[in-house]
Amino acid sequence: MATATGQKWLIGCSIGCGAIVLVLVMMATGTCFFVKRFVDDFSKVEKSHNALVAALGEPEQFTPEVDGSIAAERVETFLAVRRGLEESRGKLHELFEDFPPDEGTGFWMFFKVIGGLAGMIDDIVTYLDARNQVLLDNGMGYGEYLYIYSMAYYAWLEHDPGDGPMHNGERIFDGDDSTFGVDQSYRSYREMMLIFLRNQLDALPPQADEGWRARLLAEIDALERDRRHIAWQGDLPPAVAASLEPFRVELEAAYDAETNCFELPTNKGSSQGGFQWKID
């Protein structure tokens, strides 16, 4: 039986420092085929991301309506995207159910977990590529998708931006260096929501209601001050609530806590096919 400490270290690092460990081990053991596969997979995601950006713009260019409202047809398109990703999300669920291996000790346990991480990275990247393609097929940019996702699931239905896959009651991605850990998920949410709210504020006409302008400024300030603040939660603007309410049942049914962390952009830095995006 694998030691709990060994498993937790590998699980906690996972896609953060574990990705580096994974590549080093693969190189040391001569499994260059797997390294090449990862490079090819990331290249595929970058290609689909670039196609999405070319057609519908960079994520950070998305600007919500001045009152935050979302047209009914855009909510319907969002739900179509969620339906289009059901099969891909199901494959991720199967992956998490089988990880990590619970047999073996020492080197063999380490090697089996490394192999599991290899498959995990592969399937996560495949999901990101599928999302890019489904978004493109439905005519929805990643920025608009993130805005509707965050307003519906975090602000309105009050799900946790830190939701992610679990194993035996513990998060699979729980290390400080984990790309899909709780801290990184909140950081990604906060940074992209600041972009959207600032875009929204900049788009306000000179004659806009000063009370609404003040509310936007207050949410921006709260996000800047509090790393765990969720914009509008508990104080959703009426225009947003009116946009989402007719779709309550469908939106709730389309939420998936285990795959939530893969919906958010990952790290600050250069754009990598939807895997990362640049935030100034």
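The values are calculated or read from the model by the stated rules, or taken from the named source; none is laboratory data. Owing to the predicted nature of the structure, the values given are computational and were not obtained by experimental measurement. Reconstructed Cβ throughout: ideal geometry from the backbone, glycine too, with neighbour counts over all protein chains shown.
Listing for the model above:
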| quantity | calculated |
| --- | --- |
| Helices (runs of 4 or more DSSP H) enclosed by the range 190-261 - at least 2 residues per element that are of a type in the set (Asp, Glu) | 210-225, 248-253 |
| Per-region count, the range 42-101, residues more than 20 Å from Tyr153 (Cα to Cα), of a type in the set (Gly, Ala, Ser) and outside any helix (DSSP H, G or I) | 1 |
| Answer residue from the range 176-189, given it is touching an Asp or Glu at 6+ places or on another chain (Cβ under 9 Å) and outside any helix (DSSP H, G or I) and is modelled with the lowest pLDDT among those | Asp176 |
| Residues located in the range 146-164, provided they are over 16 Å from Ile195 (Cβ atoms), in contact with a helix residue (DSSP H, G or I) (Cβ under 6 Å, 6 or more places away or on another chain) and not hydrophobic (A, V, I, L, M, F, W, C) | His159, Gly162, Asp163, Gly164 |
